[in-house]
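**Q** One structure, as structure tokens, below. Some questions next.
The values are calculated or read from the model by the stated rules, or taken from the named source; none is laboratory data. The structure displayed is predicted, hence computed values, not measured ones. Cβ placement follows ideal geometry from the backbone for every residue including glycine, while neighbour counts extend to all protein chains displayed.
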Amino acid sequence: MNAPSPLRERSSGTAALQRILDVAIIVGGLYLSSTVFRQPWTLPYTLTAGIAGAAFLLLAEFNGLYRAASTARLSTELVQLTITWVLVFCGLLSIAFATKTSAVFSRIIVLGWVNGVPVAAGAVRFAMRSFLRSLRSRGVNTQTVAIAGCTPMAERLIESFREDPTLGIVVRGMYDDRSAPRRYNGVEKLASVVGDLSHLVTEARDGLVDVVYITLPMRAEARTTELIRRLADTTATVYFVPDFFVFDLLHARWSSVGDVSVLSIFDTPFQGAGGWLKRLEDVVLGTLGLILVAPVMIGLAIGLKVTSPGPILFRQRRYGLSGKEIYILKFRTMTVCEDGAVVSQAQKHDARITPFGAFLRRTSLDELPQLLNVIGGSMSLVGPRPHAVAHNELYRRKIQGYMLRHKVKPGITGWAQVNGWRGETDTIDKMERRIEHDLYYIHNWRVALDFRILFLTVFGRRVRQNAR
């Protein structure tokens, strides 16, 4: 799993152009489809095109589509593009049925539009990437970058530049006042030290450097302050990359308190519209899922009742969003219903597991009642799996960053589970790997990632590994 990039541009010319082109393709595509099939352009088509364009831009922001333009492979970007467009179209269908206006639209026009938009938008992205790559391979539209400080953060920064040649970044070199034994030598395999900080300022004044990244450690406050003061006498763009970025930041973002700028260190991706989008996903898909599996749940409840004594449902305390206690529902799979200060994890050939319960655990059908938790709002369809309170209190003392997984709602399924990290965690290493995957999900949340996890939950092979 790749660590998140330490720096992300808030906006770029390429992303802005893509937004404009996407809206043009959506609106123009519907007009072209109506023209090709010789149907009159009416007010409902105008409203539909406008709503589709606005909805696509909104969903694309939260789906990370425009960030993917500079950080992801083309194939990944195209998948996110398709999922975003499918969600928009499903929303339009819902509006049409709710307002009883679906008969107003020509099916052949809509079909041509729906299929044509992702094809055209994908072709435009391929052309843009090819054009930028061609330009920058010739040295056109490139930026000369200088890095102040031989540090681990400088190494991560240079690796980020190398991962995406289309950024057009040329690293001139690193600059550091310290002697070789005091520098972080690991980065010198990527770029050489070409001078000290005074030499950097001279080259910036001479116009040889476009951008300066300051990666000096935070403890070097005096040197950093002096360097920034001297670089103010140049035309170079200056970025400060403090070394707290080496920590496991969760959705770090700039905001303000009054007129004071602040940077969040640990935050949730589900604030504002992102939270509403996640909740909409849970309510719609959770309700649909509950309707579909209701007959199955009734059959399982009958099977539990006739195969072993005890309640059908097992109610247990877990930690939810922000570490607050919630109660989750599961089909009972054991002869006991533990929920105290000590909870023993299920093990292979555990005598407490009933024969029917073993079947439920192996197929994950025991989790189905948690759809009620999802609709009620205490859980999400996708997120870190909730652990028993006793296990939370045990592992939070042993694993750094363990409680950060509670910055989001717990889920019925998650990134750790579809990658095989479920079941008994009889060693600290196993739990660390699970937490690593949980934090990766929080770092990289997109609607597309949720759909991928849901797909792998049903059809993936690794999801049933280690089931007990």
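**Q** When you check residue 306 against the structure, is it loosely packed, with under 14 Cβ neighbours inside 10 Å, among the β-branched types (Val, Ile, Thr) and at pLDDT below 80, yes or no?
**A** Working: loosely packed, with under 14 Cβ neighbours inside 10 Å: yes; among the β-branched types (Val, Ile, Thr): yes; at pLDDT below 80: no.
So residue 306 does not fit the description; no.
**Q** Still on this model: Scan (1) hydroxyl-bearing (Ser, Thr, Tyr); (2) touching a helix residue (DSSP H, G or I) at 6+ places or on another chain (Cβ under 8 Å); (3) surrounded by fewer than 17 Cβ atoms within 10 Å (Cβ to Cβ) for the single condition residue 225 breaks and write down its number.
**A** The failed condition is (2).
**Q** Based on this model, can you work out whether residue 117 counts as within 31 Å of the chain's Cα centre (by Cα) and more than 30 Å from residue 38 (Cβ to Cβ)?
**A** It is false that residue 117 is within 31 Å of the chain's Cα centre (by Cα) and more than 30 Å from residue 38 (Cβ to Cβ).
**Q** Okay, next question. So for region 300-321 (the condition being aromatic (Phe, Trp, Tyr) and within 23 Å of residue 454 (Cα to Cα)), does at least one residue qualify?
**A** The answer is yes; a qualifying residue exists.
**Q** Looking only at helices (runs of 4 or more DSSP H) that fall completely inside region 43-134, which ones have 3 or more residues that are touching a helix residue (DSSP H, G or I) at 6+ places or on another chain (Cβ under 6 Å) and within 20 Å of residue 27 (Cβ to Cβ)? Don't jump to the end; show me each part of the working.
**A** Details: elements: 43-63, 65-71, 74-98.
Where helices (runs of 4 or more DSSP H) fall fully within region 43-134 and carry at least 3 residues being touching a helix residue (DSSP H, G or I) at 6+ places or on another chain (Cβ under 6 Å) and within 20 Å of residue 27 (Cβ to Cβ), they are 43-63, 74-98.
**Q** Right, next: For region 160-251, which fully contained strands (runs of 3 or more DSSP E) count at least 1 residues that are among the basic types (Lys, Arg) and at pLDDT 85 or above?
**A** 169-175
**Q** Just wondering, is there one or more residues in region 123-141 that are β-branched (Val, Ile, Thr) and within 30 Å of residue 209 (Cβ to Cβ)?
**A** Within region 123-141 (the criterion being β-branched (Val, Ile, Thr) and within 30 Å of residue 209 (Cβ to Cβ)), the answer is yes, since at least one residue qualifies.
**Q** I'd like the residue in region 452-468 that is surrounded by fewer than 18 Cβ atoms within 10 Å (Cβ to Cβ) and in a helix (DSSP H, G or I) and, out of all such residues, is modelled with the lowest pLDDT.
**A** 464
Condition check ((1) of a type in the set (A, V, I, L, M); (2) under 15 Å from residue 435 (Cβ atoms); (3) in a helix (DSSP H, G or I)) across all residues:
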| site | (1), (2), (3) |
| --- | --- |
| 381 | yes, no, no |
| 386 | no, yes, no |
| 394 | yes, yes, yes |
| 398 | no, yes, no |
| 403 | yes, yes, yes |
| 406 | no, yes, yes |
| 417 | no, yes, yes |
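**Q** Of the numbered conditions (1) crowded, with 16+ Cβ neighbours inside 10 Å; (2) over 24 Å from the mean Cα position of the chain (by Cα), residue 428 fails exactly one; give the number of that condition.
**A** For residue 428, the exception is condition (1).
**Q** Assigned to a helix (DSSP H, G or I) and either modelled with pLDDT of 85 or more or in contact with a His (Cβ under 7 Å, 6 or more places away or on another chain) (or both), is that true of residue 374?
**A** yes
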